[in-house]
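Presented below is the structure to which this report refers.
Taken together, the values in this text are just the output of simple stated rules run on the coordinates, not laboratory data. Since the structure is predicted, the reported quantities are computational estimates derived from the model, not experimental observations. Quick reminder, even Gly has a Cβ in these numbers, built from the backbone with ideal geometry, and neighbours come from all protein chains shown.
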């Protein structure tokens, strides 16, 4: 009797934590989503052109790991591709980057959260904290 009770209890525990594997596929053009369960295979559209997807045109410009700060906001100039980054946590600051992870301009921040913006040509940028907006 104990064996049956233990077996039933074990079966109940295992089945209550069973994972249902699902994959949701969203059509980038129509926005329609379809969910497939494990074992189902989505249809492949032979007319689909991956080169038109924005994710195919995205590339990494630079990479930076900072152990004392986290990005709070980022703005990228559309013509110069300069990146203005607002950092917060233990080392709050605003940094301007070009093609590398070495800032070409940097200013310490008093606040833990900074909001940034940059003009399309990259000649002017703004940093906002609480009630103060600085334009450079």
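Taking 0.36 nm per residue of separation and subtracting the Cα-Cα distance, full extension of the segment from residue 34 to residue 106 would add 21.4 nm. Computed packing ranks the peptides 122-130, 97-105 as 122-130, 97-105, most packed first, by mean other Cβ atoms within 10 Å.
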